[in-house]
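Working notes, beginning with the structure itself.
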Amino acid sequence: ETPVYSDVAIQIKHWRITQNIKLFVLSNGWIEATKRFMGKTNHGDLNLLIDGHFDNTIGPLDNPETYKIVCGKINIPPEQVLFLTKSVSECHAAKEAGLNAILVMTHRRDLARLNTLSDDERHQLIYIRSFNEITFIGDNDNNL
């Protein structure tokens, strides 16, 4: 059974079911491995909430072009997509491609990584500690 933080499971269920927000997974792992990972979690089968999976066969996650390709495949403009990641380089690449991007810094050690960045880099990034900090506004246009 894959452990998933409660805030993650609760929020993605809320976003998908209550707010009708489409959810996609873009991972460095293989799609099948990601599906297995999400299929047997301590919160049940989270694949039921996911509209599609992508892996790095579509392109490296530190390359802005990868995010543009994904947006094309899901037929959603980049400015209407929110990308959540633990990787600073992925966050920068997604932002460069026109997506909204947020760093998920769950642990103190994650926050320590911010200290390795310049002040300018740090100020360009938005980070959260919990999925509970994310609020979508508007109708089903998936506006942040």
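Read the figures in this text as sums done on the coordinates, not as results from a lab. Not measured: the values here are computed from a predicted model. Cβ: placed from backbone, ideal geometry, glycine included. Neighbour counts: every protein chain shown.
Sort the following peptides by mean Cβ neighbour count (other Cβ atoms within 10 Å, averaged over residues), highest first: 85-98, 19-32, 108-121. Don't skip to the end; give the middle numbers.
Working: 85-98: 18.6, 19-32: 14.6, 108-121: 10.3.
Ranking, from highest mean packing down: 85-98, 19-32, 108-121.
Once all Cα-Cα distances of the chain are split into 10 Å bins that start at 0, what whole-number percent is in each one?
Going out from 0 Å in 10 Å bins, the chain shows 11, 40, 40, 9, 0 percent.
Within 15 Å, Cβ to Cβ, of GLU90, how many net charges do the neighbouring residues add up to if Lys/Arg are +1 and Asp/Glu are -1?
Summing Lys/Arg as +1 and Asp/Glu as -1 gives -2.
Relative contact order of the chain, please, whole-number percent, based on alpha carbon pairs below 8 angstrom and at least 6 residues apart.
20 percent
Can you say what percent of the DSSP beta bridges in the chain, counting only those with both residues inside, are antiparallel? Round to 5.
10 percent
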